[in-house]
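What follows is one structure encoded as structure tokens, with my remarks underneath.
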Amino acid sequence: YNVYGPGQERATTYTSAVVVNLYRSFSKGRVTLRDQWAQRDFIYIDDVVKALHAIMEQTEKGHPGLYEVGSGAMVEILTVAEEIARSMGTNLAVWHGSRDQYLSQKLAQPYDTPAVPMQPATISLEEGLRRTVEHLGRVLP
């Protein structure tokens, strides 16, 4: 799953590199996608925080469990690239590389439990990417 939003520019093994790498590539004027049709579950950080807060509240009430936190929606990498380009006010110039089957789909399977019902993401992909691009524009060279 790909959590994105402000703060992800600090690369660690736990941050999704997709959005930041696309932003940096567009800033340099060229984007190469290995597999434009690969699909991921993208979720904005604010929605993750809300979900974790709800899970912690239920755990404190004696309802622990295992949960996957994601939007539950598949989004093609090309769609994310197009949205980032639009948010940056640039023309999309994507170079296509070879297809990598291993990376083709990554989807969270959030599910309802009696203690913590699944809540839909409240920040749309478009709005989340707009906020992220705005933030990256302030913090990255």
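Every read-out reported here was derived from the displayed coordinates using simple, explicitly stated rules and does not represent laboratory data. It should be emphasised that the depicted structure is a prediction, and the values quoted were computed from it without experimental measurement. Here the Cβ positions follow ideal geometry from the backbone for every residue, glycine too, while neighbour counts run over all protein chains shown.
Taken along the Cα-to-beta-carbon direction at a fixed 7 Å, the label points for Glu82 and Glu134 span 2.3 nm. A crude spin-label estimate for the pair Glu9 and Met74, with each label 7 Å from Cα along the Cβ direction, gives 3.3 nm. Placing a pseudo-label 7 Å from each Cα along the Cα-to-Cβ vector at Lys61 and Thr32 gives an inter-label distance of 5.2 nm. Report note on the peptides 128-140, 23-35, 72-84: ranked by the mean count of other C-beta atoms within 10 Å, highest first, their order is 72-84, 128-140, 23-35.
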